[in-house]
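Worksheet: one structure, shown below.
The values are calculated or read from the model by the stated rules, or taken from the named source; none is laboratory data. Since the structure is predicted, the reported quantities are computational estimates derived from the model, not experimental observations. Positions of Cβ are generated from backbone atoms using ideal geometry, with glycine treated the same way; all protein chains shown enter the neighbour counts. The area values use the complete protein model at the heavy-atom level, side chains included, leaving out ligands, DNA and RNA. Shrake-Rupley method; radii C 1.70, N 1.55, O 1.52, S 1.80 Å.
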Amino acid sequence: MKLFTLFTTSLSLIPSLIAAVAIPEIAARNGTLAKRGGEVNYLANCQRIGNNKDTYTASYAAWYMNLDNTQSGNDRPDSLSNEYRNWSAGGDYLHWEGQQQDIYFSDSGLTVQTHIDNDAHGRAFQAYAGWAQRTSDGKTFNCYKDNGRQLFFWPAPVPDGTNRAISCQTIYYCV
């Protein structure tokens with residue numbers, strides 16, 4: 001009798017296991033925070049620092065394979081986008097809000113499109129700010145307002161081959 005009960009009980013778990021495997025990991029654009037861990041794209045404003053301490057501003061997207069590995073303020077990204085500057089504003093930071101930005105990662109050949117709400121800059125820390133989508137596979141990320149903390153400092157030489165260090169502060173994070 002005990003063996004029959006054990007066998008019947010174990011069979012009742014199979015539908016639960018099948019349902020857990022069948023649910024895709026897709027982020028809905030509803031502003032709900034995603035689980036810990038997993039990949040993350042940071043939209044960051046940065047300073048490029050030359051050898052003689054001359055600087056200019058630029059914007060980047062930084063991709064990390066695991067969100068948990070981004071909290072020290074000095075974790076280098078697994079992939080860093082090309083440099084972007086707002087030339088209509090004299091070469092200042094990219095304007096993330098209110099317009100789609102197509103951010104290209106030359107090391108992987110991938111593009112991430114950002115769709116940050118027009119008024120997101122004034123929102124509270126961790127408030128929903130918009131969404132982003134990786135064009136190669138259509139994966140959607142929910143984006144949230146960050147607090148401007150230092151994301152990383154990368155001394156020269158950097159991936160783009162220049163002799164300018166990169167110091168980035170995170171404006172939004174997309175999970």
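Data for the structure
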read-out	value
Solvent-accessible area per residue for region 51-129 (1.4 angstrom probe, square angstrom)	56
Solvent-accessible area, 1.4 Å probe, carbon plus sulfur percent, for region 100-170	48
For residue 93, distant residues with modelled amide H under 5 Å away	86
Separation of alpha-carbon centers, region 44-77 and region 125-175, rounded to whole Å	8
Largest-first ellipsoid semi-axes for region 58-116, taking √(5λ) over the Cα gyration tensor eigenvalues, angstrom	22, 13, 12
Estimated D of region 107-175 in µm² per second, where Rh is the Kirkwood radius over Cα pairs and Stokes-Einstein applies at 10 °C, 1.306 mPa s	117
Neighbourhood charge, 12 Å Cβ-Cβ cut-off, centred on residue 164 and excluding it, Lys, Arg +1 and Asp, Glu -1	-1
Computed Kirkwood radius, in angstrom, where 1/r is averaged over Cα pairs of region 55-175	14.9
Neighbourhood charge, 15 Å Cβ-Cβ cut-off, centred on residue 50 and excluding it, Lys, Arg +1 and Asp, Glu -1	0
